[in-house]
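One structure is given here, and the rest of the page talks about it.
The values are calculated or read from the model by the stated rules, or taken from the named source; none is laboratory data. Here the structure is a predicted model, which is why all the values come from computation and not from measurement. Note: ideal-geometry Cβ built from the backbone for every residue, glycine included; neighbour counts use all protein chains shown.
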4 protein chains.
Amino acid sequence: MRSMNVGIIGYRFMGKAHSNGWLKAPLFFDLNIKPELKVACGRNREAVEAFAQKWGWQRVETDWKKVVEDPEIDIVDISLPQHLHYEVALAAAANGKHIFCEKPLAHSLQQAEAMLKAAEDNGVLHYLNHNYRRTPAVQLAKQFIDEGKIGRIFHWRGAYQQDWIVDPNFPLTWQLQKETAHAGPQWDLNSHSVDLAHFLVGDIKTVSCLTTNFITERPLPRQGETAFSKGSVNTEKGKVTVEDAALMMVEFENGAIGSFEATRFATGRKNAHTFEIYGSKGSLAFNLERMNELQYFSNDDPDNAQGFRTIMATESSHPYVSHWWPPGHIIGYEHGFVHAVADFMEALDKKETITPNFTDGVRILKVLEAGLASARSGQKVELS
Amino acid sequence: MRSMNVGIIGYRFMGKAHSNGWLKAPLFFDLNIKPELKVACGRNREAVEAFAQKWGWQRVETDWKKVVEDPEIDIVDISLPQHLHYEVALAAAANGKHIFCEKPLAHSLQQAEAMLKAAEDNGVLHYLNHNYRRTPAVQLAKQFIDEGKIGRIFHWRGAYQQDWIVDPNFPLTWQLQKETAHAGPQWDLNSHSVDLAHFLVGDIKTVSCLTTNFITERPLPRQGETAFSKGSVNTEKGKVTVEDAALMMVEFENGAIGSFEATRFATGRKNAHTFEIYGSKGSLAFNLERMNELQYFSNDDPDNAQGFRTIMATESSHPYVSHWWPPGHIIGYEHGFVHAVADFMEALDKKETITPNFTDGVRILKVLEAGLASARSGQKVELS
Amino acid sequence: MRSMNVGIIGYRFMGKAHSNGWLKAPLFFDLNIKPELKVACGRNREAVEAFAQKWGWQRVETDWKKVVEDPEIDIVDISLPQHLHYEVALAAAANGKHIFCEKPLAHSLQQAEAMLKAAEDNGVLHYLNHNYRRTPAVQLAKQFIDEGKIGRIFHWRGAYQQDWIVDPNFPLTWQLQKETAHAGPQWDLNSHSVDLAHFLVGDIKTVSCLTTNFITERPLPRQGETAFSKGSVNTEKGKVTVEDAALMMVEFENGAIGSFEATRFATGRKNAHTFEIYGSKGSLAFNLERMNELQYFSNDDPDNAQGFRTIMATESSHPYVSHWWPPGHIIGYEHGFVHAVADFMEALDKKETITPNFTDGVRILKVLEAGLASARSGQKVELS
Amino acid sequence: MRSMNVGIIGYRFMGKAHSNGWLKAPLFFDLNIKPELKVACGRNREAVEAFAQKWGWQRVETDWKKVVEDPEIDIVDISLPQHLHYEVALAAAANGKHIFCEKPLAHSLQQAEAMLKAAEDNGVLHYLNHNYRRTPAVQLAKQFIDEGKIGRIFHWRGAYQQDWIVDPNFPLTWQLQKETAHAGPQWDLNSHSVDLAHFLVGDIKTVSCLTTNFITERPLPRQGETAFSKGSVNTEKGKVTVEDAALMMVEFENGAIGSFEATRFATGRKNAHTFEIYGSKGSLAFNLERMNELQYFSNDDPDNAQGFRTIMATESSHPYVSHWWPPGHIIGYEHGFVHAVADFMEALDKKETITPNFTDGVRILKVLEAGLASARSGQKVELS
């Protein structure tokens, strides 16, 4: 079996999820090219060494430049916070490395466009990890649409609802500051929703957007605090510089219309990434918290026997499922990463592109930026 | 027992629903003033006589002016299509009749304001039948909000989805023409949603709206055709002059933001009037198709035992329920009308106002008109 | 229009539900024979007079014998507790009255058989009000089965779960004593489940049953106490003499097997009358708390698009629905009584039988008695 | 880090699921003893070598005796069909190997008892892989019960419903023959349900059982056919010698009663392992197809705010979850095996027992055998 060497940059939440993907893909899929977990990179040597040992990365680096310039490395996995993607991606492309990049693509549309150009100019494979596309149920939705089961699409109704900053004492982490995060849920969450809308419905033509802040100041994080730990709170405060919630209304090129709702203030919703699609022949609905299920309504059913049916997307006839377990035995969040790696390795083998990629990332960021502009102006924005 | 005499104008779908309300309210509620079903009015004498006999209306008229001028009549029930409300309401008010009016209030904001002024000037009780407020589950939602269980409200997410004109052969009925309907789902459906949003969240400050048409021409209805009868289709066509779907994004006075989605093109959704409300202490969700249930999430539950709970609003401790059946024995669509009549008669008895009323109707139409203006301009509209 | 005169005996919970049925059936259905609400009967004159006035019963009696012997009366409605059905039904039949009888049929199988014989010998129409059969969703289930959509039936899985006596201070009402109730949920709740199983699956051949008591003594009710009022509790106690819960396993004549679960101790379940039916071609599921919905799974759907679909049984193509409201506008518990009256009047008009009737009641009680015998012996019982 | 060497016997469905467990446990859990994937064993050398290479088992054997006698091996993982467990387990115990055994424990109660004795006599750790116990939601249910949140338990209502042999052309595989399977869903599926009932409710005192066959003859499998492949069917048929479905009613030692339903004929149910538990203070419900969710009803909620709440068991405060992903990011079927390995290694480290083990397996098989006896006799069976 051929193999290719992977260097991963970043070792926190996404490093773990990606490592699991690199490790498991060859176990559950018959890959023609096997990924070798070669180098893990992070600034804290001790931490990255523990990480590497656990996951089987053969060696470590603390300087990402060493990884992207390493002749042994074929694939660079960018598992970093988004404001750090740009520099790494450009260098990786310049060195001819294939790129497996966490979402959202970049800190700004300008960066994203430069990253796309670099990847294309250097002829490397580029993948953007909007992994929810690779859920069997979402792939099945795509199949149904492509087969004409839904007919002409009228409506997209999407939401991505979380609640992790409802508490006013949640600290001012990097996600809440414009310098590091560029924007709030418009960037973090709506990027996922727009990716699925692009995938399932098509290109977006106009955007109207409304953003707001419910809490404008928050305690500064203490040294080393990256998440919320209930307990004593820093009395020093700083200003929240990204939005807390973002709504969008859009027109698609094909005449459908859509709505998006992204928020970190939907008390009780943990990871409620949902969509509804209504068409002339049928409809679909999906909820990431029940990601093994697809709701489907068909106008072709007899008049007195129509209804939304809950398809358990766990049959071997469903996308990806034959690699896993018998019907009714569900898979989870992390499986999307395994599917992504498997498809990435297959694209390398077949010398084909894979989607979503940097092209898609640029399209997504165009929509999101247009949204931010619309929120500022109060006007509908046409996408060029 | 005292009684007051009712004259109903209109005898179709809403005439039936209202008659059932007038008839049943005294059977299930202990009213101090009983409504007498005195006169039913419609232009087709034969039809209205059959209607009157069935429901127990004591006599009939074919000229609505006779009803509003009849000294024997205390209450005028306007069960007509909305473009006919204005003239009747003005005359009824001028004659000192109390008014029980079907929604939406009027064909235009101007009419609505005139109707409100007439009712107030003449000191009559005025009620606007946005009957979904009178569902036990919606009243319970209001209680929870008023008690502080939800805390500060961040989000309203509402939709009213139907699918009755997805078929391009559905004829060009009065609901699809501007002269008779003024607007499409923005008027018909979003009026309900905005009423609930006003009731549960508060006043709206700004509106952005997007409308569209999926089907721009339809077969002309044949003689007497008021609804869809599958079969041969008129080859003569006419232009659809109201929108097929309307989306809105709003800012509330209290800082919450909201989204609305009204459509007749949501294949598979029959009467999906839904809302989600997210607040700092808890959240709520409702679906009219399961109108006996209220979803409630509380931050006060122990950390490891939080979740959306499905409250069956069928306990005697829930609003209105003690008048009906034991726990778990559900009520239906028509019960809202019975509650409305009971509350209307109680308001008459106590010489109090009742809500929603023409004041609310004016507020609702202001929002809806602002929406239509925003859809035309592509700009956010501030409500005065 | 022809009419027939009804005399109702009993004016509490069931009197109210039945009166509503007699009143509304002619309003929503085109009946050839209209029921006249002639006489209401109860032992407490004051109470029955208030009841009669409210519902429009033209006069009252305090002695039921007067009603069953009254030449003016055509139909006797037995809305009494079940231990009082026998004597009234026998007399009503002897006097040639048609009988509309609340369930369960009688206090014992012997009584039930005598009631059936009396009704048949006297040629009167007899109806037993297992009204859940008359839910549109249940009728639709029957249609699907009759059309072969489900194929050969393998499984019935039914339950009727309530929780109204979980509190040990709930008093020892008549429902908890053998003299008045004959049995507990086996009689009260399983009678409904067995009726639906007979209707949808077929005759039962063998029964195994398990009953138990969780609370064996309860406070005696105070004077006039018929239900649970939280507050001070009688310190005098008496023995509970009927079971608290009853499970059954059965074999049907057609080879299907089934399970039944009836309890008043299912904390959180208010009126959870549910069933699942699994067949060789499809499956069905129903829950009375969501009585407008029928779950349906079809093996005929394409392999990758199978799933349980939620049919909103609110289309005009569904049984009974064309008499009510548009799609998605749900009906409630009381509507089953209206349907029962409409069908009863139609049977009278067409001189046909109606089901379920006393024949069905006898079949049901045979199963329930066999269950009680099995619970005592620990052995499977064959039905003759 | 210390490590212990594992030898796995069997490499099909369960070999894959177990290997994934051995591999992932040290990646997601901080284990004091790391399992080394030392030897994989199977009769087909080529197949087992492919398996070993994929999963990282260091070497292979084709004779299981070599594994259980290998001094290098500390842990024997029995991933074989159940009729082969006995001999391997006895030899493994005799050689002092710790045993990680797939369920159900054995082909008969006698075998199970001997296996337990052998394990105990030789002082080895024994674990029986009823892995559904190790779902966060099920562990949370156990916590709630232990904390008294449910109070005194009245009811267990369990089912395990599948539909994989509804097609009469499904071949007569080993699972359908008494010699290899001992029994049908009573063994395969009810063993899981009884395990959870023991875990959550307690010991069972009496059993009544009903079994049946819907299809008595099936095509013989063709050479090498282990599962269903639609297509041409063998015309030679053989007799099905295990039951197609099994129902049980039980009494628990603590006074609760329970029902069980296990079937391979529930069309549309793929892996519907469900339970409901009703107690004096609250209730619980679970469905394996939505295994990240636990339904919980509490009598302690305010009277007008009670309802079944859906707890997403994906919070870091929930059992096992802190090792995985953020809230709302679900896990799947295979994670139970990872938890099992982690707990097994911890038990080895702490020199403690782990449950369920062979003791539990014996208890489970006693119930199941009593059920089969009851089904034959038609009588309730007391467990000794």
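Out of everything in the stretch B:193-226 that is within 21 Å of the chain's Cα centre (by Cα) and surrounded by fewer than 22 Cβ atoms within 10 Å (Cβ to Cβ), what residue ends up being nearest to the other protein chains (Cβ to nearest Cβ)?
The selected residue is B:226.
Which residues, taken from the stretch B:300-314, are farther than 17 Å from residue B:285 by Cβ and aliphatic (A, V, I, L, M)? First the steps, then the outcome.
Looking only at the stretch B:300-314, we keep the residues that are farther than 17 Å from residue B:285 by Cβ, and these are B:300, B:302-305, B:314.
Correct list: B:305 only.
Quick check on my filter: what residues within the stretch C:144-184 are within 11 Å of another protein chain (Cβ to nearest Cβ) and at positive phi?
Within the stretch C:144-184, C:151 is the sole residue that qualifies.
Exactly one condition in (1) outside the structural domain of residue C:189 (by TED's automatic domain parsing); (2) crowded, with 19+ Cβ neighbours inside 10 Å is false for residue C:150; which is it?
(1)
Before we move on, is residue A:363 under 17 Å from residue A:198 (Cβ atoms), surrounded by fewer than 22 Cβ atoms within 10 Å (Cβ to Cβ) and away from chain D (no Cβ under 14 Å)?
Numbers: under 17 Å from residue A:198 (Cβ atoms): yes; surrounded by fewer than 22 Cβ atoms within 10 Å (Cβ to Cβ): yes; away from chain D (no Cβ under 14 Å): yes.
Judged against the criteria, residue A:363 is a match.
Yes or no: residue D:117 surrounded by fewer than 24 Cβ atoms within 10 Å (Cβ to Cβ), within 14 Å of another protein chain (Cβ to nearest Cβ), in a helix (DSSP H, G or I) and out of contact with any Asp or Glu (no Cβ under 6 Å at 6 or more places or on another chain)? Please lay out each step first, then the result.
On the way: surrounded by fewer than 24 Cβ atoms within 10 Å (Cβ to Cβ): yes; within 14 Å of another protein chain (Cβ to nearest Cβ): no; in a helix (DSSP H, G or I): yes; out of contact with any Asp or Glu (no Cβ under 6 Å at 6 or more places or on another chain): yes.
So residue D:117 fails the test.
Just to be sure, is residue D:74 surrounded by fewer than 20 Cβ atoms within 10 Å (Cβ to Cβ) and at pLDDT 95 or above?
On the way: surrounded by fewer than 20 Cβ atoms within 10 Å (Cβ to Cβ): no; at pLDDT 95 or above: yes.
The answer is no for residue D:74.
Only one of (1) touching a residue at least 60 places away in the same chain (Cβ under 8 Å); (2) on the phi < 0 side of the Ramachandran plot fails for residue D:320. Which number is that?
(2)
Which members of the stretch D:1-48 meet the condition of being more than 15 Å from residue D:347 (Cβ to Cβ) and small (Gly, Ala, Ser)?
D:3, D:7, D:10, D:15, D:17, D:19, D:40, D:42, D:47
Could you check, for the stretch A:91-99, whether at least one of its residues is charged (D, E, K, R), in contact (Cβ under 8 Å) with a residue 12 or more places away in the chain and buried (at least 24 other Cβ atoms within 10 Å of the Cβ)? Give the steps one after another, and end with the answer.
The initial filter retains those residues of the stretch A:91-99 that are charged (D, E, K, R), namely A:97.
With in contact (Cβ under 8 Å) with a residue 12 or more places away in the chain added as a condition, the list becomes A:97.
Still in the running and buried (at least 24 other Cβ atoms within 10 Å of the Cβ): A:97.
Within the stretch A:91-99 (the criterion being charged (D, E, K, R), in contact (Cβ under 8 Å) with a residue 12 or more places away in the chain and buried (at least 24 other Cβ atoms within 10 Å of the Cβ)), the answer is yes, since at least one residue qualifies.
Taking the stated definitions as given, is residue B:183 touching a Pro at 6+ places or on another chain (Cβ under 7 Å), over 30 Å from residue B:148 (Cβ atoms) and surrounded by 21 or more Cβ atoms within 10 Å (Cβ to Cβ)?
Details: touching a Pro at 6+ places or on another chain (Cβ under 7 Å): no; over 30 Å from residue B:148 (Cβ atoms): yes; surrounded by 21 or more Cβ atoms within 10 Å (Cβ to Cβ): yes.
So residue B:183 does not fit the description; no.
Among the residues of the stretch C:50-69, write down those that are within 14 Å of chain B (Cβ to nearest Cβ) and not basic (Lys, Arg). Quick ask: steps written out before the conclusion?
Looking only at the stretch C:50-69, we keep the residues that are within 14 Å of chain B (Cβ to nearest Cβ), and these are C:50-57.
Within the stretch C:50-69, C:50, C:51, C:52, C:53, C:55, C:56, C:57 meet the criteria.
Taking residue A:79 as the residue in question, decide whether it is touching an Asp or Glu at 6+ places or on another chain (Cβ under 7 Å), among the small types (Gly, Ala, Ser) and within 27 Å of residue A:369 (Cα to Cα).
yes
For the stretch B:260-270, state whether one or more residues are under 26 Å from residue C:273 (Cβ atoms) and assigned by TED's automatic domain parsing to the domain that holds residue B:144.
Within the stretch B:260-270 (the criterion being under 26 Å from residue C:273 (Cβ atoms) and assigned by TED's automatic domain parsing to the domain that holds residue B:144), the answer is yes, since at least one residue qualifies.
For residue B:245, are the conditions met, namely being of a type in the set (A, V, I, L, M, F, W, C) and out of contact with any His (no Cβ under 9 Å at 6 or more places or on another chain)? Before the answer, list the steps.
On the way: of a type in the set (A, V, I, L, M, F, W, C): yes; out of contact with any His (no Cβ under 9 Å at 6 or more places or on another chain): no.
It is false that residue B:245 is of a type in the set (A, V, I, L, M, F, W, C) and out of contact with any His (no Cβ under 9 Å at 6 or more places or on another chain).
Only one of B:261, B:251 is over 19 Å from the mean Cα position of the chain (by Cα) and acidic (Asp, Glu); which? Steps first, answer last, please.
Values: B:261 fails: over 19 Å from the mean Cα position of the chain (by Cα).
Going through B:261, B:251 in turn, the sole match is B:251.
Quick one: residue C:278 ticks every box in (1) at pLDDT 95 or above; (2) hydroxyl-bearing (Ser, Thr, Tyr); (3) farther than 22 Å from residue D:259 by Cβ except a single one, so which number is it?
All conditions are met except number (3).
Can you tell me how many residues within the stretch A:249-264 are of a type in the set (Val, Ile, Thr) and facing another protein chain (nearest Cβ under 7 Å)?
Kept after step one, since they are of a type in the set (Val, Ile, Thr), are these residues of the stretch A:249-264: A:250, A:257, A:263.
Checking the rest, the ones that are also facing another protein chain (nearest Cβ under 7 Å) come to A:257, A:263.
Going through the stretch A:249-264 one residue at a time, the tally reaches 2.
From the residues in the stretch D:337-384 that are farther than 30 Å from residue C:208 by Cα and among the hydroxyl-bearing types (Ser, Thr, Tyr), which one is nearest to the chain's Cα centre (by Cα)?
Filtering the stretch D:337-384 down to residues farther than 30 Å from residue C:208 by Cα leaves D:337-359.
Now drop any that are not among the hydroxyl-bearing types (Ser, Thr, Tyr), which leaves D:353, D:355, D:359.
Values: D:353: 18, D:355: 12, D:359: 14 Å.
Among those that are farther than 30 Å from residue C:208 by Cα and among the hydroxyl-bearing types (Ser, Thr, Tyr), it is D:355.
Would you pick out the residues in the stretch C:291-334 that are more than 7 Å from every other protein chain (Cβ to nearest Cβ), assigned to a loop (DSSP other than H, G, I, E, B) and either aromatic (Phe, Trp, Tyr) or in contact with a strand residue (DSSP E or B) (Cβ under 8 Å, 6 or more places away or on another chain) (or both)?
C:292, C:300, C:301, C:313, C:320, C:324
Of the residues in the stretch B:13-42, how many are under 19 Å from residue B:68 (Cα atoms) and within 13 Å of chain C (Cβ to nearest Cβ)?
As a first pass, look at the stretch B:13-42 and keep what is under 19 Å from residue B:68 (Cα atoms): B:14-15, B:18-19, B:22, B:35-42.
With within 13 Å of chain C (Cβ to nearest Cβ) added as a condition, the list becomes B:14-15, B:18-19, B:22, B:37.
Summing the residues that are under 19 Å from residue B:68 (Cα atoms) and within 13 Å of chain C (Cβ to nearest Cβ) in the stretch B:13-42 gives 6.
Identify, please: which residue in the stretch C:227-248 is at the interface with another protein chain (Cβ under 10 Å from one of its Cβ atoms) and charged (D, E, K, R) and is, among those, nearest to the chain's Cα centre (by Cα)? Can you show your working first?
Keep residues of the stretch C:227-248 that are at the interface with another protein chain (Cβ under 10 Å from one of its Cβ atoms), which gives C:227, C:230, C:244-248.
Okay, now just the ones that are also charged (D, E, K, R), so C:230, C:244.
On the way: C:230: 28, C:244: 19 Å.
Checking each candidate, the answer is C:244.
Is it the case that some residue within the stretch C:276-283 is more than 7 Å from every other protein chain (Cβ to nearest Cβ), part of a strand (DSSP E or B) and of a type outside the set (Gly, Ala, Ser)? Reasoning before the result, please.
Taking the stretch C:276-283 as the starting set, the residues that turn out to be more than 7 Å from every other protein chain (Cβ to nearest Cβ) are C:276-277, C:281.
Okay, now just the ones that are also part of a strand (DSSP E or B), so C:276-277.
From what's left, of a type outside the set (Gly, Ala, Ser): C:276-277.
For the stretch C:276-283, residues more than 7 Å from every other protein chain (Cβ to nearest Cβ), part of a strand (DSSP E or B) and of a type outside the set (Gly, Ala, Ser): present.
Mind listing whichever residues of the stretch C:253-272 are in contact with a strand residue (DSSP E or B) (Cβ under 8 Å, 6 or more places away or on another chain) and assigned to a loop (DSSP other than H, G, I, E, B)?
Initially, the stretch C:253-272 is screened for residues in contact with a strand residue (DSSP E or B) (Cβ under 8 Å, 6 or more places away or on another chain), giving C:253-270, C:272.
Listed by number, the residues that qualify are C:253, C:254, C:255, C:256, C:264, C:265, C:266, C:267, C:268, C:269, C:270.
Does any residue in the stretch A:140-166 that is in contact (Cβ under 8 Å) with a residue 12 or more places away in the chain come within less than 6 Å, Cβ to Cβ, of a residue that is of a type in the set (Phe, Trp, Tyr) and assigned to a loop (DSSP other than H, G, I, E, B) six or more places away or on a different chain, and which pairs are these?
Taking only residues 6 or more apart or on different chains, the pairs are A:154/B:214; A:154/B:265; A:166/A:265.
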